[in-house]
Amino acid sequence: MSVQKHTVVIIGGGTAGISVAAGLRRKQPNLDIAIVDPAESHYYQPAWTLVGGGEYNAADTRRSLKGLIPQNATHLAKAVSAFIPEENQIELADGQRVGYDFLVVAAGIQLNWGAIKGLPEALGKNGVTSNYRYDLAPYTWELVKSFKGGNAVFTQPVGAIKCAGAPQKAMYLSAQHWRDSGIKADTIQFRNGGAVLFSVPFYAKALARIVDSYGAKAYLGDALIEIRADEKIAVFERVKDGEKVQEEVAYDLLHVVPPQSAPDVIRNSTLANAEGWVDVNKNTLRHVRYNNIFSLGDCSSLPTSKTAAAVKAQAPILVKNLLSALQGQETIASYSGYTACPVTTSHGKVMLAEFKYDGKVATTLPIDSRTPRKFYWWLKRSFLPWFYWNLLLKGHYVPELAKDRNFPESLPSPIEA
Ligand SMILES: Cc1cc2nc3c(=O)[nH]c(=O)nc-3n(C[C@H](O)[C@H](O)[C@H](O)COP(=O)(O)OP(=O)(O)OC[C@H]3O[C@@H](n4cnc5c(N)ncnc54)[C@H](O)[C@@H]3O)c2cc1C
């Protein structure tokens, strides 16, 4: 059987795949690139939180994937079903094989809706929603607008998720809307399966203050395990004194963020590390065992927060290193771990959490970014979507401007949303 082959094959036409393809194309216009992705649409996911807050049109977050594939790159509109790195090949869902000289794996993260009993059936009706789905983010805003009081519950699962601030953003935008509309919730609860509110303590302390300012309560180590939609009951599990205990929580509005993992096709391959992510060097983005494989974005093992902002910093490094490797040279560009999470603390203000590996605070501007600011809201709401479609996805990279900073640990004042 003859196998089609390309110099560079990119798995995934999301944020990472398209920005790398465009960057490679820009540097080397004749490079033979194929992008493998069965999706019809490409989404600007960072705006889904704004859609759920009534601040953005869902339709404006969606574009045809075909229209974003760089000129002259081949689009193979099929899913990858297996990796065969020993033969420098991948297998597609129809059994066809595709060969490569270099492979870039950018298949994103897998949303495991079925891991919570009753969740798939409950979603999209009777008060259960999620900003993690394009079709459901508008329903979040419908629920927020029609909320008349009762218990509003916002969840976050255990483990890595994309945009770890997004579960909280949904709560802040909702809570502010109710406060401004004179609607008194009985309770606003943030129930997080993880042990901390945010992975970087510097920002976590500030976010705890925002939670308090809305009269909300944060529960840590409290994982959603079941929804009984007919009774409007959510079941949470936590470990207390070494024992697992469950609590039934009545809800009127339930915003769920599902458990997430590396895609099964990666987890079940020899590309994966013990946790299932593509096992790459955290600085060069090159695979630790297969020299001609690179990875970035949500499916990679890079030990930083999974965001489009991180992809923005990773893509130019990967492009540089892959082009060096193509010439048989050393991979010398190094990724710092930079990532950013613009937390919408209210309608009109954002706290911009920016950091590098090991939670090292590194901000673009020399100001304490824990203070929610209108300027950051403008960045999030207006500038970044423009930047995404017109620069990042076209391979126009901007230099990394964030610098390590030492701000006082004490919270800036005022910090309330
Ligand atoms: C609600 C929400 C809010 C967010 N907020 C922010 C924010 O404020 N700031 C920020 O920077 N980031 C934010 N993010 C995160 C950001 O969107 C992701 O980190 C980013 O899109 C990751 O890019 P990626 O290319 O790795 O994955 P994706 O963009 O998800 O792309 C993965 C691609 O791989 C394809 N694929 C999957 N499996 C296969 C397969 N087997 N074969 C072929 N193709 C496959 C998919 O179809 C998809 O096109 C948010 C995300 C969500 C959901």
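One residue stands out among those in the stretch 45-91 that are over 27 Å from ALA170 (Cβ atoms), of a type in the set (A, V, I, L, M, F, W, C) and within 8 Å of the ligand (Cβ to nearest atom): the one that is surrounded by the most Cβ atoms within 10 Å (Cβ to Cβ), which is VAL80. Comparison of PHE198, PHE190 shows that the only residue that is over 17 Å from LEU253 (Cβ atoms), in contact (Cβ under 8 Å) with a residue 24 or more places away in the chain and either of a type in the set (A, V, I, L, M, F, W, C) or touching a Cys at 6+ places or on another chain (Cβ under 6 Å) (or both) is PHE198.
Examine the stretch 232-241 for a residue that is without any contact (Cβ under 8 Å) to a residue 12 or more places away in the chain, surrounded by fewer than 24 Cβ atoms within 10 Å (Cβ to Cβ) and assigned by TED's automatic domain parsing to the domain that holds PHE147, and state whether such a residue exists. Taking every residue of the stretch 232-241 in turn, at least one turns out to be without any contact (Cβ under 8 Å) to a residue 12 or more places away in the chain, surrounded by fewer than 24 Cβ atoms within 10 Å (Cβ to Cβ) and assigned by TED's automatic domain parsing to the domain that holds PHE147.
Six or more apart or on different chains, Cβ atoms under 6 Å: show the pairs whose first residue is in the stretch 294-306 and outside the structural domain of GLY159 (by TED's automatic domain parsing) and within 9 Å of the ligand (Cβ to nearest atom) and whose second is β-branched (Val, Ile, Thr) and part of a helix (DSSP H, G or I). Taking only residues 6 or more apart or on different chains, the pairs are GLY297/VAL311; CYS299/ILE266.
For TYR100, the conditions (1) within 12 Å of the ligand (Cβ to nearest atom); (2) closer than 20 Å to CYS299 by Cα; (3) part of a strand (DSSP E or B) are fulfilled apart from (1).
Scan ALA152, ALA82 and give me the residue that is touching a residue at least 12 places away in the same chain (Cβ under 8 Å) and either farther than 25 Å from LYS306 by Cβ or assigned to a loop (DSSP other than H, G, I, E, B) (or both). Reasoning before the result, please.
Values: ALA82 fails: either farther than 25 Å from LYS306 by Cβ or assigned to a loop (DSSP other than H, G, I, E, B) (or both).
That would be ALA152, the only listed residue that is touching a residue at least 12 places away in the same chain (Cβ under 8 Å) and either farther than 25 Å from LYS306 by Cβ or assigned to a loop (DSSP other than H, G, I, E, B) (or both).
Inspect the stretch 56-79 for any residue being modelled with pLDDT of 95 or more, more than 19 Å from the chain's Cα centre (by Cα) and of a type in the set (Lys, Arg) and give the result as yes or no. Checking the stretch 56-79: at least one residue is modelled with pLDDT of 95 or more, more than 19 Å from the chain's Cα centre (by Cα) and of a type in the set (Lys, Arg).
Tell me whether the stretch 23-44 contains one or more residues that are part of a helix (DSSP H, G or I) and either within 12 Å of the ligand (Cβ to nearest atom) or within 21 Å of GLU91 (Cβ to Cβ) (or both). Lay out the reasoning, then the answer.
Within the stretch 23-44, the subset part of a helix (DSSP H, G or I) is 23-27.
Narrowing further to those that are either within 12 Å of the ligand (Cβ to nearest atom) or within 21 Å of GLU91 (Cβ to Cβ) (or both): none.
Looking for residues that are part of a helix (DSSP H, G or I) and either within 12 Å of the ligand (Cβ to nearest atom) or within 21 Å of GLU91 (Cβ to Cβ) (or both), one finds none in the stretch 23-44, hence no.
Results for (1) without any contact (Cβ under 8 Å) to a residue 40 or more places away in the chain; (2) touching a Ser or Thr at 6+ places or on another chain (Cβ under 6 Å), shown as yes or no for each residue.
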| site | (1), (2) |
| --- | --- |
| GLN327 | yes, no |
| LYS374 | yes, no |
| LYS380 | no, no |
| LEU384 | no, no |
| ASN390 | yes, no |
| ARG405 | no, yes |
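Of the residues examined, ASP186 is one that is over 29 Å from TYR43 (Cβ atoms) and surrounded by fewer than 16 Cβ atoms within 10 Å (Cβ to Cβ). When ILE11 is tested against (1) more than 9 Å from the ligand (Cβ to nearest atom); (2) under 20 Å from the mean Cα position of the chain (by Cα), only condition (1) is not met. Each residue in the stretch 86-125 was checked for being in contact (Cβ under 8 Å) with a residue 60 or more places away in the chain and under 17 Å from ASP264 (Cβ atoms), and 11 of them qualify.
Can you name every residue in the stretch 142-201 that is of a type in the set (Gly, Ala, Ser), within 20 Å of SER261 (Cα to Cα) and within 17 Å of the chain's Cα centre (by Cα)? Write out each step before concluding.
Looking only at the stretch 142-201, we keep the residues that are of a type in the set (Gly, Ala, Ser), and these are 146, 149-150, 152, 159-160, 164-166, 170, 174-175, 181-182, 185, 193-195, 199.
Within this subset, residues satisfying the condition of being within 20 Å of SER261 (Cα to Cα) are 159-160, 164-166, 193-195, 199.
Matches in the stretch 142-201: GLY159, ALA160, ALA164, GLY165, ALA166, GLY194, SER199.
The values are calculated or read from the model by the stated rules, or taken from the named source; none is laboratory data. Predicted model only: the values in this text are computed from it and were never measured. With ideal geometry, Cβ positions are generated from the backbone for all residues, glycine too; neighbour counts draw on all protein chains shown.
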